[in-house]
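Novice: Just passing along the structure, written as structure tokens.
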Amino acid sequence: MAGKQDRQRKLARERYERRQAREANRQRRARRTAQWASGAVVLLVLAGIVAFTVAHLTSSSASPSAKLTPSGTPTTCTYTPSPPASRKVGLPPAKPDLKAAYQATIKTNRGDIVINLLNSKAPCTVNSFVHLASKSYFSNTNCHRLVTSGIFVLQCGDPTGTGSGGPGYRFADENLAGATYPAATVAMANGGPGTNGSQFFLVYKNTKLPPNYTPFGTIVAGLNVIQKVAAAGTDSKTGDGHPKEKVVIESVTIKKT
């Protein structure tokens, strides 16, 4: 039985990573399409009109970076435009408030979830999350994905509810050294290195994942809300689908101290 369970967990992790990789490829294709379209230049030649498309390519395919203090803490965050934006919110401020402590309250139709944000460990991620909350980006959005087999997460943060939406920018990973994902962890979902946007997941049961997803918060109240949703299951036989009990984020408020 233990061997079968281990195989099931391994398969679930592999499914999760394949899905994230597919999403990364889709986002890269969308960015290339947008870049080509935005570079269209129309020239008049003789009596006819000839359209030329010019690609405004970035000089490097490297992940966004951040300027660091000698201790390794970012003093400046880089947020790279990555259209399209599911909701127009602009870019977060480049300089995070490194001295602040933040607590987020996610108000859902199932109950409140309170999260202590890890500003000292993932300041650029927290800076982005606080920015999106201040712009009501998460308000009236569905948590579109629940996984109940192999890994144990509820994924949220996409206003489109499809798993492909984002804020129109991306940023680098943080806090990955030795990262683990016990119950009550809040971490960024992504489609590969340096593709963080707005989607995040809430871990409701100890989960084994590779250290590829930025942990940026800890649930301090309301974990039982997610566990009840998970107990009701998903609409998929694989245990990876939409939650049967719909979860709607009504608002996210930030307390700064």
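Novice: Right, T195: open to solvent by 40 Å² or more (accessible area, probe 1.4 Å), among the hydroxyl-bearing types (S, T, Y) and either closer than 22 Å to L11 by Cα or touching a residue at least 12 places away in the same chain (Cβ under 8 Å) (or both) or not?
Specialist: no
Novice: Here's another thing I want to ask about it. Go through segment 175-187 residue by residue and tally those that are open to solvent by 20 Å² or more (accessible area, probe 1.4 Å) and either within 13 Å of the chain's Cα centre (by Cα) or closer than 21 Å to R18 by Cβ (or both).
Specialist: Result for segment 175-187: 1.
Novice: Continuing with this model, one more query. Looking at this structure, is T185 without any contact (Cβ under 8 Å) to a residue 40 or more places away in the chain and within 24 Å of P243 (Cα to Cα)?
Specialist: Judged against the criteria, T185 is a match.
Novice: If you take the residues in segment 209-238 that are assigned to a loop (DSSP other than H, G, I, E, B) and within 18 Å of the chain's Cα centre (by Cα), which one is nearest to V130 (Cα to Cα)?
Specialist: Top of the filtered list is T214.
Novice: I've got another one for you. Could you count how many residues in segment 78-97 are touching a Pro at 6+ places or on another chain (Cβ under 6 Å) and of a type in the set (A, V, I, L, M, F, W, C)?
Specialist: Selection size over segment 78-97: 2.
Novice: Write out, first by first residue and then by second, each pair whose Cβ atoms fall under 9 Å of each other, whose residues are 6+ apart or on separate chains, and whose first residue, in segment 101-113, is on the phi > 0 side of the Ramachandran plot while the second is basic (K, R).
Specialist: The qualifying pairs are G111/K228.
Novice: Give all pairs with beta carbons closer than 6 Å in which a residue from segment 145-161 that is free of Cβ contacts under 8 Å to residues at least 24 places away in the same chain meets a residue that is assigned to a loop (DSSP other than H, G, I, E, B); count only pairs at least 6 apart in sequence or on separate chains.
Specialist: Once the first residue is free of Cβ contacts under 8 Å to residues at least 24 places away in the same chain and sits in segment 145-161, its partners that are assigned to a loop (DSSP other than H, G, I, E, B) give G161/H144.
Novice: On to the next question. Restricting attention to segment 119-148, which residues are touching a Ser or Thr at 6+ places or on another chain (Cβ under 9 Å), in a helix (DSSP H, G or I) and among the hydroxyl-bearing types (S, T, Y)?
Specialist: Listed by number, the residues that qualify are T125, S128.
Novice: From the list L176, L209, which residue is touching a Pro at 6+ places or on another chain (Cβ under 8 Å) and over 28 Å from S136 (Cβ atoms)?
Specialist: L176
Novice: Give the residue, chosen from N190, N206, that is open to solvent by less than 40 Å² (accessible area, probe 1.4 Å), touching a residue at least 12 places away in the same chain (Cβ under 8 Å) and not β-branched (V, I, T).
Specialist: Of N190, N206, the one residue that is open to solvent by less than 40 Å² (accessible area, probe 1.4 Å), touching a residue at least 12 places away in the same chain (Cβ under 8 Å) and not β-branched (V, I, T) is N190.
Novice: Do the conditions hold for D173, that is, is it under 18 Å from S251 (Cα atoms) and of a type in the set (D, E)?
Specialist: Here the answer is no, as D173 does not meet what is asked.
The values are calculated or read from the model by the stated rules, or taken from the named source; none is laboratory data. The model shown is predicted, which means the values in this text are computed figures rather than measured ones. Virtual Cβ from ideal backbone geometry, glycine too; neighbours counted across all protein chains shown. In case anyone asks, the SASA skips ligands and DNA or RNA and just uses the protein heavy atoms, side chains included. Shrake-Rupley method; radii C 1.70, N 1.55, O 1.52, S 1.80 Å.
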